[in-house]
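In what follows, a structure is listed as structure tokens, so that the remarks can point back to it.
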Amino acid sequence: HMGEHRHGDSLDFNGIHQEMVDNKIDAFSKAFLATTVACARCHDHKFDAVAQADYYALAGVFMSPRWTARSLDTPDRYSAQIEELKQLRAEIEQQLKQAWRNSASGRMAEQLQAWAVKQPADSQPALEEVAYPLLAIARATGKESDNVPEAFTAVWQQLASEWQSTRNARLAADAGRFEVLTDFSTPELPPGWVSEGAGLQHGHVTDGTPLVSLSGETAIARLLPRGYHTHALSSKLPGAVRLPSQGSLPGSHLGLNLAGGEWAGWQMVQQNAFQTESIAFFDRTSPAWKSFADLPHKNGVTRVLVEVATSSLNPGFPPRTGKTRAGSTVLPPEDRAFHKRSWFSLTGAVTHDGGSTPAKPLDHFAALYEGDPPATVDAAWERVAGWLNGAVTRYAAGTATGGDVRVLNWLLANGFLPNQLDDLPTLRKLVARYREVEAQIGWPRSAISMDERDLAPLDYRLNIRGDVDREGDTIPRDFLEAFADQTTVGESAGSGRLELAR
């Protein structure tokens, strides 16, 4: 993979990818043919057997694959460590389930009420948050009340009605709008999607898989929802998901449920111009929907590819000065961008024809509002405790849902479930060994290369007089016509690079 790479997007500035492929052809022809095929971009050579069509035939060969970052680590480089990490994680999970099952006590209702009444008066959690009904209940009942005031009964009924009506409205608004490409219930990507790196290879998890803490005094950082998480075992393991060309998927928009950190991000690559301005970095631990609209083709662009990658497998990282920003964090100029604990999560994929992304259906509140309103304040808090303990019970039984994971992570973050190593002596040794093994994994190694897996090859249109704004006929992929009887590049079902190398 030789050549220079310009910054910019071909859909914004015509000539970006054309200059990049020009440099590829120039470097290739000088190195291996001892001639300057690149000047045939504008005209036939006068004194060499190189036609203008030869230039564009080679351009199709070089433009067909993705120009992207590939892992240099062999698939089995850390296989022993990875297998031990999986075993240790399973043991940690079993110990955690037992500890959490035992921690579910009759004092949960009292503890929840005490927590709720201590929250600031101006605290306003969103409707989707576990804390939303807790604070509403606490504010309706007060701190010392033993009986349900009439106002509280109305509050409970209002909460239940608000939940039901909002849920119904969201389900109705989403009905028929989305085609689910995958729910990640099995460890496989949709057809035509390409993965790279050990982080993806070993990153699929079921609902409730623990993310083991790599430092500090907690056993786990949080529970993971079902899907792919490149850091499921180690945030040193790289990963990338590369999608089919826009237009090959149904609908005009692709929706991905994503999270990530430490300079993992996404970009939309136009005709292999990977030093793109359409690059962004994640700054959230909980997945949220991101919609990618199909871009109209112009300026010689015939293919737009979406990539989601950790930093070492992102061909555009680091981008130009000013673009390396994740939320309020900016990569310092002196940071050379090596050795990042980079990670991302992918937990959903849909296609649609515009409008909003899928709404949260609020299923995790269903058990709370089943049945009649509670008759007393104590009964109200017992109802809440039963709802939350139900998630713990299902997790311990291995039947946790995505909604349960949301509830459990809230309980974990607010100290209602044991997670401190001092409180979990049987886990301390396992977590220490996990961290020791994880430390044996080195930083990922990668290089800018080419990847034509699951991509249809491209033929390149001739630019009249080399002018990118004047496109002529489409030239089939091939080698120089002078070598027509010595090569099978033009017969290749792929890009022709392998035949060219032979």
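The values are calculated or read from the model by the stated rules, or taken from the named source; none is laboratory data. These figures come from a predicted structure and were not determined experimentally. Virtual Cβ from ideal backbone geometry, glycine too; neighbours counted across all protein chains shown.
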Residues of the stretch 180-221 being assigned to a strand (DSSP E or B) and either of a type in the set (Val, Ile, Thr) or on the phi > 0 side of the Ramachandran plot (or both), in sequence order, are 180, 182, 194, 205, 209, 212, 218, 220
Could you please let me know if residue 367 is modelled with pLDDT of 90 or more, among the aliphatic types (A, V, I, L, M), over 28 Å from residue 254 (Cα atoms) and part of a helix (DSSP H, G or I)? yes
Considering the stretch 314-325 alone, what residues qualify as being loosely packed, with under 13 Cβ neighbours inside 10 Å and either modelled with pLDDT of 90 or more or among the hydroxyl-bearing types (Ser, Thr, Tyr) (or both)? 321
The condition of being touching a Gly at 6+ places or on another chain (Cβ under 9 Å), assigned by TED's automatic domain parsing to the domain that holds residue 168 and part of a helix (DSSP H, G or I) holds, among 379, 391, only for 391
Can you find, within the stretch 36-54, the residue that is nearest to the chain's Cα centre (by Cα) among those that are free of Cβ contacts under 8 Å to residues at least 24 places away in the same chain and under 13 Å from residue 25 (Cα atoms)? 38
Collect the residues in the stretch 477-502 that are aromatic (Phe, Trp, Tyr) and part of a helix (DSSP H, G or I), keeping them in residue-number order. 483
Among the listed residues 99, 53, 38, which satisfies the condition of being closer than 30 Å to residue 393 by Cα and buried (at least 18 other Cβ atoms within 10 Å of the Cβ)? 99
Would you confirm whether or not the stretch 255-268 contains a residue that is over 29 Å from residue 78 (Cβ atoms), assigned to a loop (DSSP other than H, G, I, E, B) and touching a residue at least 12 places away in the same chain (Cβ under 8 Å)? no
Among the residues in the stretch 367-379, are any of a type in the set (Asp, Glu), more than 25 Å from residue 141 (Cα to Cα) and over 19 Å from the mean Cα position of the chain (by Cα)? no
Working only within the stretch 326-350, note down all residues that are surrounded by fewer than 20 Cβ atoms within 10 Å (Cβ to Cβ) and touching a strand residue (DSSP E or B) at 6+ places or on another chain (Cβ under 7 Å). 326
Which numbered condition residue 206 misses (of (1) in contact with a helix residue (DSSP H, G or I) (Cβ under 9 Å, 6 or more places away or on another chain); (2) modelled with pLDDT of 95 or more): (1)
Any chance residue 171 is outside the structural domain of residue 399 (by TED's automatic domain parsing) and out of contact with any Phe, Trp or Tyr (no Cβ under 6 Å at 6 or more places or on another chain): no
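Per-residue answers, yes or no, for (1) at pLDDT below 95; (2) closer than 30 Å to residue 341 by Cβ; (3) of a type outside the set (A, V, I, L, M, F, W, C); (4) surrounded by 16 or more Cβ atoms within 10 Å (Cβ to Cβ):
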site	(1), (2), (3), (4)
441	no, yes, no, yes
449	yes, yes, yes, no
455	yes, no, no, yes
469	yes, no, yes, no
481	yes, no, yes, no
488	yes, no, yes, no
494	yes, no, yes, yes
Would you mind telling me which numbered condition in (1) within 30 Å of residue 429 (Cα to Cα); (2) surrounded by 14 or more Cβ atoms within 10 Å (Cβ to Cβ) residue 107 fails? (2)
Any residue in the stretch 225-251 that is closer than 30 Å to residue 406 by Cα sitting within a Cβ distance under 6 Å of a residue that is assigned to a loop (DSSP other than H, G, I, E, B) and of a type in the set (Val, Ile, Thr)? List the pairs, counting only those 6 or more apart or interchain. 226/206; 230/310; 234/441; 236/441; 238/310; 239/230; 239/310
